[in-house]
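Down below is the structure, laid out as structure tokens.
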Amino acid sequence: MGKPWDACSIFFILSGKRGRMHPELDQEDCSSCGNCVEICPGEVYQWIGERPEAVDAEECTECGACEEQCPVHAITMVDD
Ligand code: SF4
Ligand code: SF4
């Protein structure tokens, strides 16, 4: 398992700077584990029914934690 926090992530979080990437979540692959909701520092995800959705993608700090911690690789960081 890779480490979710690197120097670039910490810079974005501390500076509050918004980047040009956002997460995309494949609902069909999601196992509803809740990792992304729990770990996201920007509170991007909210439960919509049985699965989370990235409802506040503009708050993404590009830390990459959700992509790293998703056990089924349902989250991909993509360009805006
Ligand atoms: S990369 Fe994922 S965990 Fe990090 S701020 Fe963006 S949505 Fe949240
Ligand atoms: S971490 Fe992945 S499997 Fe778990 S709730 Fe989020 S998208 Fe679904």
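The values are calculated or read from the model by the stated rules, or taken from the named source; none is laboratory data. Because the structure is predicted, anything quoted here is derived from the model rather than measured. FYI the Cβ positions are ideal-geometry reconstructions off the backbone, even for glycines, and counts take in every protein chain you see.
So here's what we get for this one:
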read-out	value
Check on Thr61, in contact with a Phe, Trp or Tyr (Cβ under 8 Å, 6 or more places away or on another chain) and of a type in the set (S, T, N, Q)	yes
Some residue of region 42-60 being crowded, with 16+ Cβ neighbours inside 10 Å, under 10 Å from the mean Cα position of the chain (by Cα), at pLDDT 95 or above and near ligand 2 (Cβ under 6 Å from one of its atoms)	no
